[in-house]
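Please read the structure below before turning to the comments.
The values are calculated or read from the model by the stated rules, or taken from the named source; none is laboratory data. From a predicted model like this one, the values you see are computed outputs, not experimental measurements. Note that each Cβ is placed from the backbone with ideal geometry, even for glycine, and that neighbours are counted across all protein chains shown. Remember, those area values only see protein heavy atoms, side chains included, never the ligands or the DNA or RNA. Shrake-Rupley method; radii C 1.70, N 1.55, O 1.52, S 1.80 Å.
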Amino acid sequence: LVPAYLVSRAFVELMSERGEPIGARRWLVYPPIVALLCVAVLLFVIGPVAPIVAWGIGEGGFHRLLPAMERIRVEAALTIASFGAWWLVASLMAAIFFRPIRFALAPLLDHMRRQYLWFVAFAGVVALIFGALLLYG
């Protein structure tokens, strides 16, 4: 996948330098870029939270001493709050490294604007607040 991605990106850059449209060749060029974009989006949405939450919910996790109903509430609250915190961090990192990310995934992210990351940050704040309210409410 990595060599196919590199060749596709090189071809996209070559066509943009020449000022030529990619045209029908996009069916050969875009799939490796789309595959990498899918992996990047998955990591952006799930990130390191999924393995941490899986450990926390597991048998040796952080909730062994809680009653069953209390444990469900605590697990849900910590999961929601963890995803909210990750989305805040991820949107900040994406805003800082916006140009390299957009360049790496061109031409698919050519219309992406930095302001769109505010929606991710807002979702993170809402999830973090909801998780905290669920945990302490």
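Placing unit charges on the Cβ atoms only, positive for Lys and Arg and negative for Asp and Glu, gives the chain a dipole magnitude near 200 debye about its Cα centre.
Counting protein heavy atoms only, the range 1-120 has 74 percent of its accessible area on carbon and sulfur, 1.4 angstrom probe. Against the set [x] 108; [y] 126; [z] 141, the structure's computed volume of the Cα convex hull per residue in Å³ falls on [y]. Dipole of the chain computed with +1 at Lys/Arg Cβ and -1 at Asp/Glu Cβ about the Cα centre; of PHE11, ILE46, GLY58, farthest Cα towards the positive end is PHE11.
Charge dipole (Cα centre; +1 on Lys/Arg Cβ, -1 on Asp/Glu Cβ; no other charges) of the range 71-122 amounts to roughly 60 debye. Only protein heavy atoms count here; under a 1.4 Å probe, GLU13 has an accessible surface of about 60 Å².
Helix-only arithmetic for the chain: the sum of -39500 (n - 2.57) across DSSP H runs with n ≥ 4, divided by the residue total, places the mean residue ellipticity at 222 nm at -25000 deg cm²/dmol.
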